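The structure appears right after this line, and notes come after that.
The values are calculated or read from the model by the stated rules, or taken from the named source; none is laboratory data. Worth saying up front: this structure is predicted, and the values here are computed from it rather than measured. Don't worry about glycine lacking a Cβ; one is built from the backbone with ideal geometry, like all the others, and counts go over all protein chains shown. Just so you know, the surface numbers come from the protein's heavy atoms only, side chains and all, with ligands and any DNA or RNA stripped out. Shrake-Rupley method; radii C 1.70, N 1.55, O 1.52, S 1.80 Å.
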Amino acid sequence: MHAPRSQRYRIEWRKPIASLEAISGEWRDLARRALETNVFYEPAFALPAAQIFGMNAGVFLVRTAAGQLAGLFPARRKAFGLVAGYVHPYAPLGVPLVDRKDPAGVIHAWLSHLAGEASAVLLPLVPDGPFAEALDGALGERHLQMARFGEYQRAALEPGDDREHYLDCVTHTKGHKGLVRRRKRLAELGALSHRTVHDPDAMKGMVADFLALENSGWKGRAGTAAQRDPKLASFVEKVVIALAREHKAYGEVLSLNGTPIASTIIMRSADTAWAWKIAYDETYARCSPGMQVAFEATRTLLADRAIARADSCTPPGQGMIDHLWRERINVSDRLFALAPGRTLAFQFHRLREKTRRAVRSAAKSALHWLALR
């Protein structure tokens, strides 16, 4: 007779996230074995990010009876018995790291542990995929209620075997012809060049140029550019260079007369890539420098056979890359109960979340209206 799945694992709550630096080695090993990869939950990214965004966040660690790390679930404890997955503006993916050897067992152990101390969980920014399927299966087995919020689709690149011809349907469109025309217009202004930057030492200069480009545009005018905050700028440089040393980050740069006018930072882990950030000089906006560098980044990704898919990381309504990448990722925030039969508790959390989002949406609409006056 086999022991219950939850008894094959033990759970540990660790806070703050920075305290996990001591287990970085086994953490990286789990990331390599993960059912679904998430570069934003790997040590090189998560540890520096925690210094800015995760001061009140911690991690549920799931270990086998033998002590091997099998699950890592970053989270924040909220009011009214709610546990919320940990994401922030620079980490647009909330998929926990779960060992692919026994995802159901790990998830069941995590749920069993949480059931003793909380009434509901909100996991933000979870795409449909292997983890979501495993989670849905566990929730179904336990007869737990679940609701989705903020569901939307964002662009993805998943070319399969037809990499050489992936861009053909784009290059024959009216939009691409306009992009070519605008590129020629750029070239008329001087020497136009593109480069892919992999070397960690060179990435430091590339990041500095990226931050300057971002600050020169609308984010700078809005005061939200990373360069405006020394700690945030240092974080961006630190994570990019750390990941570059692990061959998990690189940059694409478009320059005019030797001066960068557009750049994007690509992150990768296993067979997945993320188009993390993009910036361009708005002086040349009529020539679409952002789209130009995105086109170059797409060609680089298509040429890399080790990359099976790429996530655009774009929030709703901001999909500039939608015209280049044809596939879509369905993303949502998942709220679910931790015990069957607690209908009133779950309905409370669902209504509270629905109200919170409605208030936030109304506030954004009001600010937009005031900005137009």
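Inside the stretch 196-208, residues that are in contact (Cβ under 8 Å) with a residue 24 or more places away in the chain and either open to solvent by 60 Å² or more (accessible area, probe 1.4 Å) or in contact with a Lys or Arg (Cβ under 8 Å, 6 or more places away or on another chain) (or both) make up a count of 4. G137 - would you say it is of a type in the set (G, A, S), assigned to a helix (DSSP H, G or I) and open to solvent by 10 Å² or more (accessible area, probe 1.4 Å)? The answer is yes for G137.
Regarding the stretch 295-302, can at least one residue be identified that is free of Cβ contacts under 8 Å to residues at least 60 places away in the same chain, within 20 Å of the chain's Cα centre (by Cα) and within 18 Å of G160 (Cα to Cα)? Yes: one or more hits. Which one is nearest to L335 (Cα to Cα) among residues in the stretch 145-159 that are open to solvent by 40 Å² or more (accessible area, probe 1.4 Å) and assigned to a loop (DSSP other than H, G, I, E, B)? Looking at the filtered set, the residue picked out is Q145.
The residue pairs whose first member lies in the stretch 262-274 and is farther than 11 Å from L301 by Cβ and touching a residue at least 60 places away in the same chain (Cβ under 8 Å), whose second member is open to solvent by 10 Å² or more (accessible area, probe 1.4 Å) and part of a strand (DSSP E or B), and whose beta carbons are closer than 6 Å, counting only pairs six or more residues apart or on different chains, are M267/W276. Of note, A50 does not satisfy the criterion of being touching a residue at least 60 places away in the same chain (Cβ under 8 Å), open to solvent by less than 20 Å² (accessible area, probe 1.4 Å), among the hydrophobic types (A, V, I, L, M, F, W, C) and assigned to a helix (DSSP H, G or I). Considering only residues of the stretch 326-348 that are touching a helix residue (DSSP H, G or I) at 6+ places or on another chain (Cβ under 7 Å) and of a type outside the set (G, A, S), which is surrounded by the most Cβ atoms within 10 Å (Cβ to Cβ)? Looking at the filtered set, the residue picked out is L338. Among the residues of the stretch 170-182, the one identified as open to solvent by 60 Å² or more (accessible area, probe 1.4 Å), in a helix (DSSP H, G or I) and modelled with pLDDT under 70 is K174.
Select from the stretch 74-90 the residues that are in a helix (DSSP H, G or I) and either open to solvent by less than 50 Å² (accessible area, probe 1.4 Å) or farther than 19 Å from L111 by Cβ (or both) and list them in ascending order.
Restricting attention to the stretch 74-90, the residues satisfying the condition of being in a helix (DSSP H, G or I) are 79-81.
Answer for the stretch 74-90, where residues must be in a helix (DSSP H, G or I) and either open to solvent by less than 50 Å² (accessible area, probe 1.4 Å) or farther than 19 Å from L111 by Cβ (or both): A79, G81.
Scanning the stretch 220-233 for residues that are crowded, with 16+ Cβ neighbours inside 10 Å and free of Cβ contacts under 8 Å to residues at least 24 places away in the same chain gives G220, A225, A226, Q227, A233.
Can you confirm whether the stretch 277-292 contains a residue that is in a strand (DSSP E or B) and surrounded by fewer than 23 Cβ atoms within 10 Å (Cβ to Cβ)? Taking every residue of the stretch 277-292 in turn, at least one turns out to be in a strand (DSSP E or B) and surrounded by fewer than 23 Cβ atoms within 10 Å (Cβ to Cβ).
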